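Student: Below is one structure. I have some questions about it.
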Amino acid sequence: MSGRGWTEPPALRVGIVGYGLMGKAHSYGYRVAPLLRRLPVTPVVTVMSGRDAGAVAAAGKAVLCEKPLALTYKEAAAALAAVTRAGVHNAVGFNYRRLPAIALMRRMITEGAVGEIRLWRATWLSDEFADPATGWDWRFDRAMGGTTIADLGSHLIDMARYMAGPVDSVCAQAATFVGERPAADGGTAAVTVDDAASALLRFESGARGTMEVARTAVRRPCDFTVEVNGSRGTLLFSYARLNELWYGGADDDVGLYGMRRIRAEHPSHPYAAQWWPIGQGVGYGSSFANQAADLLSGWPEEPWTPGFAEGAAVQAVCDAMETSAASGRWVSIGEVITSER
């Protein structure tokens, strides 16, 4: 008994496969989640290990997979089938959904703040690959880490679907500017991933979109922006100021023409009441803590979201972009899904 009338929830043991940066981020999320809200269980990270090819779902374990769910839509569909057969909880780590400003942006869209969505655009710029002297590792191997389209683009595609609905078709381009990287043995190794890519999007709703991802943008450490233009307003988010959201509506006073800043820290805003007083803000780690708290709040009855179904849908768009960039034509998402049946 930890307090009058309250019993400490039972422990839920968590295993993390992979112990790099993302292992650290998820460990932080599980540690902080019980401090944000009362949960039916207390997550306890019990073991961390290297990667294993075996299927966790077959062992009856709930699975939270980092994005992208897989390297191809075929693999993603197989993963979805595996968790469906096993009947286990499943989720994909699209953690940026859980930033207060992004969650508020989506809520305002669903409440009609921008009217009917007409345009959606996003960029993700990084300088991770900008230096040609950066040594070859798994990030430059398509078979290990996937492409820039899958790595950075999967987050943007998830937000596109989250805000504007399913994507119908894409037209993309991609480029690799540094074809070889210094190898550990003193030689060089071939780069099999793109350094940068961009795409035009057509949504099933009729809306249009654009997105750009790059890991060769000098002095852009991890800068992404998302903007929605609708029939009655505009919303804009910039990760460089992740506690803020910009909004302008057609019905605003014309004397105050332009966009106004919303600090997504008021207790009425998503997640904000669980964190600090107004003015203190949150950071990257909050998205992982919010994610863990969301997934475990309804444990074990409520399904997790976004699940492997959403992860597979995102991967289908990634595959369509890859195909389009290679062929120079528009590619429908249906074409990708049908080709793998």
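Student: Return the FRET efficiency for the residue pair residue 42, residue 141: r is the Cβ-Cβ distance, R0 is 45 Å, and the value is rounded to the nearest 0.05.
Tutor: 0.75
Student: If a/c stays under 1.5 just call it rounded; otherwise compare a/b with b/c (prolate if a/b is bigger, oblate if not). Do that for segment 20-145, with a ≥ b ≥ c from the square roots of the Cα gyration tensor eigenvalues.
Tutor: Rounded, since a/c falls under 1.5.
Student: By per-residue mean of other Cβ atoms within 10 Å, what is the highest-first order of 325-336, 310-321, 152-163?
Tutor: Top to bottom by mean Cβ count within 10 Å: 310-321, 152-163, 325-336.
Student: May I ask for the net charge around residue 252, where only other residues with Cβ less than 12 Å from the Cβ of residue 252 are counted and Lys, Arg are +1 while Asp, Glu are -1?
Tutor: 0
Student: Quick one: putting +1 on the C-beta of Lys and Arg, -1 on the C-beta of Asp and Glu, what dipole do you get for the chain around its Cα centre, in Debye to the nearest 20?
Tutor: 780 debye
Student: Net charge near residue 326: determine it from the other residues with C-beta under 15 Å of the C-beta of residue 326, scoring Lys and Arg +1 and Asp and Glu -1.
Tutor: -2
Student: Taking the alpha-carbon set of segment 215-341, what are its Rg and Dmax in Å?
Tutor: Expressed in Å, the Cα Rg and Dmax of segment 215-341 come to 19.5, 57.
Student: Counting heavy atoms of the protein chains only and a 1.4 Å probe, report the per residue accessible area for the chain as a whole number of Å².
Tutor: Result: 49 Å² of accessible area for each residue.
Student: Taking the alpha-carbon centroid of each part, what is the distance from segment 136-165 to segment 192-235 in angstrom?
Tutor: If we compute the Cα centre of each part, the gap is 12 Å.
Student: For segment 1-148, which whole-number percentage of the solvent-accessible area (1.4 Å probe, protein heavy atoms only) is attributable to carbon and sulfur atoms?
Tutor: For segment 1-148, the apolar C and S fraction of the accessible surface comes to 55 percent.
Student: Now, a different point. Which one, 59, 292, 184, projects farthest toward the positive side of the charge dipole computed for the chain from Cβ point charges (K/R +1, D/E -1)?
Tutor: Of 59, 292, 184, it is 292.
Student: Here is a further query. Mean separation of Cα pairs under 8 Å and 6+ residues apart, divided by the residue count of the chain: what relative contact order is that in percent?
Tutor: Relative contact order for the chain comes out at 25 percent.
Student: Cα atoms only: what Rg and Dmax, in Å, come out for the chain?
Tutor: 20.8, 66
Student: On the protein heavy atoms, probe 1.4 angstrom, tell me the percent of accessible surface of segment 215-264 carried by carbon and sulfur.
Tutor: 51 percent
Student: What is the magnitude of the charge dipole of segment 81-132 about its Cα centre, with +1 placed on the Cβ of each Lys and Arg, -1 on the Cβ of each Asp and Glu, and no other charges, expressed in debye to the nearest 20?
Tutor: I would put it at about 360 debye.
Student: Remind me, relative contact order of segment 64-202 in percent, using alpha carbon pairs under 8 angstrom and six or more residues apart?
Tutor: Relative contact order comes out at 24 percent.
The values are calculated or read from the model by the stated rules, or taken from the named source; none is laboratory data. As the structure is a computational prediction, the values presented were derived from the model and not from experiment. In this analysis, Cβ positions are derived from the backbone assuming ideal geometry, glycine residues included, and neighbour counts consider all displayed protein chains. Only protein heavy atoms, including side chains, enter the accessible area calculation; ligands, DNA and RNA are left aside. Shrake-Rupley method; radii C 1.70, N 1.55, O 1.52, S 1.80 Å.
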